[in-house]
């Protein structure tokens, strides 16, 4: 009898020990990771020239605010940060910003653009709001990147309610188009060029592309835009009685097919070659006849597993490029095995650490933003013969970011989000302010940064915007500028207010002198400061993240 309590305690101890041993290890320390990244980067990219110096606190504050929140800091935040004597205030600032709900909004919008700028279905804008909602929630809740990928690869249901369906809908539910985007976004491999022939400048074979497409034949994206019934649904059918069927007028792809066939280029009318589902990156494969849920579930599992050489690396390359101005691979979504990497040991290490963090997106922000490269001054992009990663590179702000910051500076309520109601963008004859602004200022975030330039339509939009002109009026107390002019009587102090509120910094002595000279020349205080405010909003510094 006496042995039973001892035996019970032993069982409890062993059970607890087993549970403790099963606990996931703690994520790597981001500060230690950043230090090792700095060391590896210096070894990967040797140079005899000194790199750009570390930026001052004022520049770091604006850069971090724009990168994480998509908004410039308030003048009071600038003052508080500059007066803070703490040596670790930059790391604390990053931590604070990552906990702000605007972080999720900013990066949800970013990945909305990653998906939507390569869409092949024009009607996908109807589900853009729900997809953005899903992405915002995911980043706000710090959902691991592998879970976001899994959600979007395995999604089904009403896309107007389930935003994770957005990627499939954006590609009309077509297996070839969907897997091309799955490969590009989640693995950084542009395998779509192998759809009709072996890849012309990479090692992928045509068969490998169609083996990937064989994970998605049973999926379809169905659109109904009737008077009383409007829906966009991702459907997956496994019943042999549900395949095929006529193609309806409102359908992208009516039902799906049991299996995927690679067409015969010499005999296009033939059925083609039956393809078995195989993931080219890992060699994992399934049998024909496997149900849809198992196909896409296994594909998501294999894409996101830690020994897939592309998954973690693709996200690290993208975020590094966004935060530092240039990626290890460029464009950011082209990591094929025959691509040149600027710092291979560095990205391999950082991708491994990201995987060890269990794909914690916030952890990756912390690690990258503590590196020396992130904190270096901005310079123009280096020439091809010069070594990379000697400075941060200035980047043109995305459309949403520019619009929100214009409204912040002018003290005007920003246009509402196109979320929830899929028809919000069509209000007033398709003239929703944010929708129109994004059409003029938007760009594909996967595009090389040196290819993103300003345009005449953008300049005209800023010049002719009624909201902007009304907000720039200094003649009324109903605008921020008018109230500030009434409150601040000293012209030099007024110049300081404009620079702090618009650019997040104080003017240099030369800038202050130039502005005061202009005020004196115009000889009309209100008109002069309206002009100065307009000039700052149209300046390169306002439109770029430095």
Could you pull out every one of the helices (runs of 4 or more DSSP H) wholly within region 480-531 that has 2 or more residues that are under 16 Å from residue 411 (Cα atoms) and out of contact with any helix residue (DSSP H, G or I) (no Cβ under 8 Å at 6 or more places or on another chain)?
480-487
Considering only region 160-218, give the helices (runs of 4 or more DSSP H) lying wholly within it that have at least 2 residues that are closer than 18 Å to residue 120 by Cα.
166-170, 175-187
Is at least one residue of region 294-310 farther than 19 Å from residue 152 by Cβ, surrounded by fewer than 20 Cβ atoms within 10 Å (Cβ to Cβ) and touching a strand residue (DSSP E or B) at 6+ places or on another chain (Cβ under 8 Å)?
no
Kindly indicate which of 101, 75, 144 is at negative phi, more than 18 Å from the chain's Cα centre (by Cα) and either surrounded by fewer than 21 Cβ atoms within 10 Å (Cβ to Cβ) or outside the structural domain of residue 215 (by TED's automatic domain parsing) (or both).
75
Checking the conditions here, which among 64, 34, 27 is modelled with pLDDT under 95, within 28 Å of the chain's Cα centre (by Cα), at negative phi and surrounded by 17 or more Cβ atoms within 10 Å (Cβ to Cβ)?
27
When you go through (1) within 29 Å of the chain's Cα centre (by Cα); (2) closer than 30 Å to residue 340 by Cα one by one for residue 292, which number turns out not to apply?
(2)
Please find, within region 111-125, the residue that is surrounded by the fewest Cβ atoms within 10 Å (Cβ to Cβ) out of those that are touching a helix residue (DSSP H, G or I) at 6+ places or on another chain (Cβ under 8 Å) and not in a loop (DSSP other than H, G, I, E, B).
125
Residue match in region 161-170 (condition: in contact (Cβ under 8 Å) with a residue 12 or more places away in the chain, assigned by TED's automatic domain parsing to the domain that holds residue 292 and closer than 21 Å to residue 312 by Cα)
yes
May I ask you to say which residue of 323, 350, 335 is outside any helix (DSSP H, G or I) and surrounded by 18 or more Cβ atoms within 10 Å (Cβ to Cβ)?
335
Quick check on my filter: what residues within region 422-443 are assigned to a loop (DSSP other than H, G, I, E, B) and either closer than 14 Å to residue 321 by Cα or at pLDDT below 50 (or both)?
422, 423
Complete set of residues in region 375-396 that are at pLDDT 95 or above and within 24 Å of residue 138 (Cβ to Cβ)
none
Hand me the list of helices (runs of 4 or more DSSP H) wholly inside region 20-97 holding 2 or more residues that are closer than 18 Å to residue 323 by Cβ.
30-44, 57-68
Identify the residue in region 264-278 that is modelled with pLDDT of 95 or more and part of a loop (DSSP other than H, G, I, E, B) and, among all such residues, is nearest to residue 360 (Cα to Cα).
277
Could you say which residue among 312, 293, 281 is within 20 Å of residue 359 (Cα to Cα) and part of a helix (DSSP H, G or I)?
312
Which condition number in (1) assigned to a helix (DSSP H, G or I); (2) surrounded by 23 or more Cβ atoms within 10 Å (Cβ to Cβ) is the one that residue 328 fails?
(1)
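Conditions tested, residue by residue: (1) at pLDDT below 90; (2) under 29 Å from the mean Cα position of the chain (by Cα).
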| residue | (1), (2) |
| --- | --- |
| 452 | yes, yes |
| 490 | no, no |
| 504 | no, yes |
| 522 | no, no |
| 529 | no, no |
| 543 | no, yes |
Search region 180-196 for residues being without any contact (Cβ under 8 Å) to a residue 40 or more places away in the chain and in contact with a helix residue (DSSP H, G or I) (Cβ under 6 Å, 6 or more places away or on another chain), and hand back the single one that is surrounded by the fewest Cβ atoms within 10 Å (Cβ to Cβ).
195
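Would you check which residues across region 448-470 are exposed (fewer than 13 other Cβ atoms within 10 Å of the Cβ) and not in a loop (DSSP other than H, G, I, E, B) and list them? Let's see the steps before the verdict.
First, pick out the residues of region 448-470 that are exposed (fewer than 13 other Cβ atoms within 10 Å of the Cβ): 451, 453, 455-457, 459-460, 463-464, 466.
Within region 448-470, 451, 456, 457, 459, 460, 463, 464, 466 meet the criteria.
The values are calculated or read from the model by the stated rules, or taken from the named source; none is laboratory data. The shown structure was predicted, so the numbers you read here are calculated from the model rather than taken from an experiment. Here the Cβ is made from the backbone with ideal geometry for all residues, glycine too, and neighbour counts use every protein chain on show.
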